[in-house]
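The values are calculated or read from the model by the stated rules, or taken from the named source; none is laboratory data. Here the structure is a predicted model, which is why all the values come from computation and not from measurement. All Cβ positions, even for glycine, are placed from backbone atoms using ideal geometry, and neighbour counts span all protein chains on display. Accessible surface areas use protein heavy atoms only, side chains included; no ligands, DNA or RNA. Shrake-Rupley method; radii C 1.70, N 1.55, O 1.52, S 1.80 Å.
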Amino acid sequence: MMAFKWDREPRRMTHVPVMLNEVLDAIGGPRAGIVVDATFGGGGYSRAFLEAGAKVIAFDRDPEAERRALTLACAFPTQFSFQRGRFSEIARRLRAMGAPAPHAMVFDIGVSSFQIDEAERGFSFQADGPLDMRMGRGGPSAADAVNHLSEADLADLFYHYGEERNARRIAKTIVAARALAPIATTLQLAQVIESVQPRKAIGPHPATRCFQALRIFVNQELDELGAGLAAAEAMLAPGGVLIVVSFHSLEDRMVKQFLADAEGRSNSVSRHVPTIGPAAAPIFVGGRSAIAPSPAEIAANPRARSAKMRVAERTQAPARLHSAPKPEGPALDLLRRRA
Ligand SMILES: C[S@@+](CC[C@H](N)C(=O)[O-])C[C@H]1O[C@@H](n2cnc3c(N)ncnc32)[C@H](O)[C@@H]1O
């Protein structure tokens, strides 16, 4: 996640990567061999890794990120390469490239400020735009989900991915509203949600949790994160570091559970992680506690306030078997068949 400042002259966006100093510390100078930046975004992390002397293989599913990566490809032609792809494609792509085992894999998960601040990407209710939310631009959109999922599926989605207490009432109101006319824009959806739970003078916008839920669903973010963690287990060099910066509790809980299991501290496996079988010996070490941004960073960049970073070191133990990553969930399959 990044925060933006508008330069006065000329008017263009710049970004501030979250917890960059902590990420650089975690990678460590001597270990800065090959770094996989799994979430290129605006390239804030990648640039810092390159300036520290690392070779960077960056991934992002967003075609706009690919366009931004050209600047770094020109500035660091021998150190940097970019791959447009999802977390679930990282292991296969690295093998196909014949890349040496990475010394660090970094995931700064969630949505970038580029995505959230551009109304036409449809992630935000702050400005009107098409109800889209697709990071990779392909597949069913948030509008497809809102207009075609059953009332029960919508309610489950808002409850499980948004932790929205009024999920059932909101789903019912959406189904009534779309019977009159399709819900096509972010503000239309926000207004429907506000009719169930009105805005308060303070606190988050009442549509925040449902928008988060739709974004997670449309982009299959939890399954993707699971596949990314499995890729780190399979691909990192012994002694290499896995670094995950996350912004909401669902994601952090998944990373925490994955590390507890891979470190031999628990027997349960997240249903989103495509890993079969328990670890015979610890696969990662050191990932027990999360690191928060400093008060100074939060004061300078309020978007950093919910960030949590987890760092774990890969051991010599062999990786567990991984099933093929699930590309999509059943509800998304259903939508795709209708589209
Ligand atoms: C928070 S931003 C990263 C910002 C970046 N660290 C920087 O310094 O500019 C997250 C990025 O990850 C990408 N992303 C999210 N989920 C992804 C996935 N499953 N596969 C590939 N890219 C993903 C998004 O498109 C977005 O550009």
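Details
- Pairwise Cα inverse-distance average, inverted: Kirkwood Rh of the chain (Å): 20.8 Å
- Surface composition of the stretch 137-218: carbon and sulfur make up 55 percent of the accessible area, probe 1.4 Å.
- Mean separation of Cα contacts under 8 Å (6+ apart) over length of the stretch 137-218, as relative contact order %: 39 percent
- Electrostatic dipole magnitude of the stretch 185-284 [Cβ: Lys, Arg +1; Asp, Glu -1; Cα centre; debye, to 20]: 400 debye
- On the beta carbon distance between Ala280 and Ala181, with R0 = 45 Å, the FRET formula returns roughly 0.20.
- Our note on the geometry: Cα centres of the stretch 241-305 and the stretch 44-94, 23 Å apart.
- With the largest listed first and rounded to whole Å, the semi-axes of the equivalent ellipsoid of the stretch 69-194 from the Cα gyration tensor are 37, 17, 12.
- Surface calculation, 1.4 Å probe, protein heavy atoms: Met105 sits at approximately 0 Å² accessible.
- Long hydrophobic helices in the chain: the complete DSSP H runs spanning 18 Å or more by Cα along their own axis with mean Kyte-Doolittle hydropathy of at least 0.0 are 167-180, 221-235.
- Nearest-10 value in Å² for the accessible area of Val106, using the 1.4 Å probe: 0 Å²
- Electrostatic dipole magnitude of the chain [Cβ: Lys, Arg +1; Asp, Glu -1; Cα centre; debye, to 20]: 220 debye
- Cβ-derived FRET efficiency at R0 30 Å, Ser268 paired with Ile202, nearest 0.05: 0.20
- Separation in nanometres of the label points that stand 7 Å from Cα toward Cβ, at Arg288 and Ala300: 3.2 nm
- Size of charge dipole - the stretch 144-242 - debye, nearest 20, with Cβ of Lys, Arg +1 and Asp, Glu -1, no other charges: 600 debye
- Across the stretch 170-294, Cα-Cα pairs more than 23 Å apart make up 48 percent of the total.
- When the Cα positions of Ala279, Ala69, Gly33 are compared along the charge dipole of the chain, Ala279 comes out farthest toward the positive end, with charges on each C-beta of Lys, Arg, Asp and Glu.
- Per-pair calculated FRET efficiency, R0 = 41 Å: Ala99 and Glu163 via Cβ, rounded to 0.05: 0.60
- Among the lysines of the chain, pairs at least eight places apart or on separate chains and with Cα atoms under 24 Å apart come to 4.
- Accessible area of the chain divided out per residue, in Å², using a probe of 1.4 angstrom: 46 Å²
- Computed accessible area, Arg253, all protein chains, 1.4 angstrom probe, square angstrom: 120 Å²
- Computed over the alpha-carbon atoms, the stretch 15-104 gives an Rg to Rh ratio of 0.93, Rh here being the Kirkwood radius from the mean inverse distance.
- Taken over the stretch 137-218, the convex hull of the Cα atoms encloses 88 Å³ per residue.
- Normalising the average separation of contacting C-alpha pairs (under 8 angstrom, six or more residues apart) by the number of residues puts the relative contact order of the chain at 17 percent.
- Taking every DSSP beta bridge that has both ends in the chain, the antiparallel portion is near 50%.
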